[in-house]
């Protein structure tokens, strides 16, 4: 599967709605990017959580309806290293308790990848704050972050 190395890479499919990961059930995809998918899910009590899945588009791809990503042999070492770093990031973030940082409540390996479970927070994303500030002729990125942080403290 050398096509993942080219510029016209097929996109990975998100996990199917209803998929069970550990004790979390996927409700819908919230976001995706070149590095991961983020899902809304519920835990075993029905409480909403956000789950971030490690699935870098440049290294792996998941076919529709499947759970396990396909990792070409030439990308395997880089994919495994990324898994390690993503898992360590989850471990580090789980130790942080700050009102401006979404709480990581769990992280685990499943389906040949890693998942980070966070509290699901309603509200605007950082990107939405930055875009709103730009549309209003307000401060650029760093000042917007400062404004967003000061409004939460």
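For this structure, a couple of remarks:
- All of 74, 66 fail the test of being at pLDDT below 95 and surrounded by 11 or more Cβ atoms within 10 Å (Cβ to Cβ), apart from 66.
- Considering residues of segment 99-133 that are in contact with a helix residue (DSSP H, G or I) (Cβ under 8 Å, 6 or more places away or on another chain) and farther than 21 Å from residue 22 by Cα only, the residue modelled with the lowest pLDDT: 126
- Test: residue in segment 126-138 that is closer than 15 Å to residue 52 by Cα and either assigned by TED's automatic domain parsing to the domain that holds residue 28 or without any contact (Cβ under 8 Å) to a residue 24 or more places away in the chain (or both): no
- Which numbered condition residue 34 misses (of (1) touching a strand residue (DSSP E or B) at 6+ places or on another chain (Cβ under 9 Å); (2) under 28 Å from residue 127 (Cα atoms); (3) without any contact (Cβ under 8 Å) to a residue 40 or more places away in the chain): (1)
- Of everything listed in (1) in contact with a strand residue (DSSP E or B) (Cβ under 9 Å, 6 or more places away or on another chain); (2) part of a loop (DSSP other than H, G, I, E, B), the single unmet condition for residue 108 is (2).
- So residue 93, is it surrounded by fewer than 20 Cβ atoms within 10 Å (Cβ to Cβ) and either under 20 Å from residue 30 (Cβ atoms) or touching a helix residue (DSSP H, G or I) at 6+ places or on another chain (Cβ under 7 Å) (or both): yes
- Residue 96 fulfils the conditions (1) under 20 Å from residue 123 (Cβ atoms); (2) part of a loop (DSSP other than H, G, I, E, B); (3) touching a residue at least 24 places away in the same chain (Cβ under 8 Å) except for a single criterion, (3).
- In segment 1-35, of all residues being touching a helix residue (DSSP H, G or I) at 6+ places or on another chain (Cβ under 8 Å) and not in a loop (DSSP other than H, G, I, E, B), the one that is modelled with the lowest pLDDT corresponds to 2.
The values are calculated or read from the model by the stated rules, or taken from the named source; none is laboratory data. Every value quoted in this text rests on a predicted model; they were computed, and no experiment measured them. For neighbour counting, all protein chains shown are included, and Cβ atoms are generated from backbone atoms with ideal geometry for every residue, glycine included.
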